[in-house]
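All remarks here apply to the structure that follows.
The values are calculated or read from the model by the stated rules, or taken from the named source; none is laboratory data. A quick note: this is a predicted structure, and the numbers were derived from the prediction, not measured. For neighbour counting, all protein chains shown are included, and Cβ atoms are generated from backbone atoms with ideal geometry for every residue, glycine included.
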Amino acid sequence: MIKKDGHTHTQFSHHGSHEPLDDYIERAISLGFTEYVVTEHAPLPTMFLEHFTGPSEARHGSAMLITELAAYQKEVKRVQLKYADQIAIKSGFELDYLENYETELRQFIIMQADWLDELVISVHFLPNHDKLVAPIDFDPDTLAKYFPEIHSLPQTVFKNYFNTVQKSVRFAATLPNDIVVRIGHMTLIRKYQKYFNLPRFDVDNQLRIDDLLMQIKNNHFQLDYNAAGLSKPYNGETYPTLDIVKKANDLGIELVYGSDAHEVSAVGQFYNMTVSDILKKEK
Ligand SMILES: [Zn+2]
Ligand SMILES: [Zn+2]
């Protein structure tokens, strides 16, 4: 049986631990994982960084630098060989979808296509009412600063988020089709739900989610079943939330567990819980 962690990070993310990649892999092996995808945050487009909106730690610490790309790839190759007889390690990225940089993002992926096995496409940045594109998951203050509607009109922020995720799926459909694509943590906008006391999605947003799932299904993309929210004090759920997981599973969309580990101890976190949720839904 395949036991896979499909969403993991390394020291190249600059907002996680500096532990060596070997330690992540050895942790995965010790937990019985047979497949492991290294999905470090791909470099952000240069122009996007130049016009960055948000705290400077987010600008400098959201992704690997373009100058680190070769070292990252070499590092993944090294562990693939070192652990070849113990675990299948896939080469990946987590790519930030940015609607104003589709051309740059596509070019980047096409250039990496020979090397790349699997791609997690995620929305961490959203355009706000001033057309600034700001991070939604850096911290609650940053979210509230750029998206003040989160206090009084949270459904409009959800709408903005799901519209952007829909664009990211349409973008993904334009990429070379030999790359496995997974839509990353598709309810990340709930990350600080306990901090802001966010409501559930309203009917209009539920419809957006249904459309999104159909789009994912029709393109044969996978869904990242991301456990990171379970360890976050202001979240406490998986991404996506369980109701969406159930719908996706009923539609036949492939859900792939992801720990989203940014430190060795998080590799495989909550695996049994998330997988048993899927099995329960299959009954
Ligand atoms: Zn990260
Ligand atoms: Zn992410």
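Condition check: within 24 Å of residue 252 (Cα to Cα), among the small types (Gly, Ala, Ser) and touching a residue at least 12 places away in the same chain (Cβ under 8 Å). Does residue 227 satisfy that? If you could, list the steps in order and put the result at the bottom.
Details: within 24 Å of residue 252 (Cα to Cα): yes; among the small types (Gly, Ala, Ser): yes; touching a residue at least 12 places away in the same chain (Cβ under 8 Å): yes.
Yes, satisfied.
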- Task: Considering every residue within the range 231-246, establish whether at least one is closer than 25 Å to residue 202 by Cβ and among the basic types (Lys, Arg).
- Result: yes
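Any idea which of 142, 103 is within 16 Å of ligand 1 (Cβ to nearest atom), of a type in the set (S, T, N, Q) and not in a strand (DSSP E or B)? Spell out the reasoning first.
Values: 103 fails: within 16 Å of ligand 1 (Cβ to nearest atom).
So the residue among 142, 103 that is within 16 Å of ligand 1 (Cβ to nearest atom), of a type in the set (S, T, N, Q) and not in a strand (DSSP E or B) is 142.
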- Query: under 24 Å from residue 6 (Cα atoms), within 16 Å of ligand 1 (Cβ to nearest atom) and out of contact with any helix residue (DSSP H, G or I) (no Cβ under 7 Å at 6 or more places or on another chain) - does that describe any residue in the range 205-214?
  - Reply: no
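Quick grid of which residues meet (1) within 16 Å of ligand 1 (Cβ to nearest atom); (2) in contact with a Lys or Arg (Cβ under 9 Å, 6 or more places away or on another chain); (3) under 25 Å from residue 216 (Cα atoms):
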{"residue": "119", "(1), (2), (3)": "yes, yes, yes"}
{"residue": "124", "(1), (2), (3)": "yes, no, yes"}
{"residue": "129", "(1), (2), (3)": "no, no, no"}
{"residue": "155", "(1), (2), (3)": "no, no, yes"}
{"residue": "164", "(1), (2), (3)": "no, no, yes"}
{"residue": "170", "(1), (2), (3)": "no, no, yes"}
- Message: For the list (1) surrounded by fewer than 19 Cβ atoms within 10 Å (Cβ to Cβ); (2) assigned to a loop (DSSP other than H, G, I, E, B); (3) touching a residue at least 12 places away in the same chain (Cβ under 8 Å), I need the number of the one condition that residue 116 fails.
- Response: (1)
- Give me the pairs, please: first residue somewhere in the range 80-101 and closer than 22 Å to residue 64 by Cα, second residue anywhere and in a strand (DSSP E or B) and among the acidic types (Asp, Glu), beta-carbon distance under 6 Å, and either six or more positions apart or on two chains. 90/118; 92/118
- Message: Contact list please: Cβ distance under 6 Å, first residue in the range 207-218 and within 14 Å of residue 250 (Cα to Cα), second residue at pLDDT 95 or above and surrounded by fewer than 15 Cβ atoms within 10 Å (Cβ to Cβ), pairs at least six apart or on different chains.
- Response: 213/251; 217/251
- Task: Give the range 165-194 a look and list any residue that's in contact with a strand residue (DSSP E or B) (Cβ under 8 Å, 6 or more places away or on another chain) and more than 24 Å from residue 207 (Cβ to Cβ), or say none.
- Result: 175, 179, 180
- Task: Residues being out of contact with any Pro (no Cβ under 7 Å at 6 or more places or on another chain), away from ligand 2 (no atom under 16 Å from the Cβ) and among the hydroxyl-bearing types (Ser, Thr, Tyr): count how many of those fall in the range 81-122.
- Result: 3
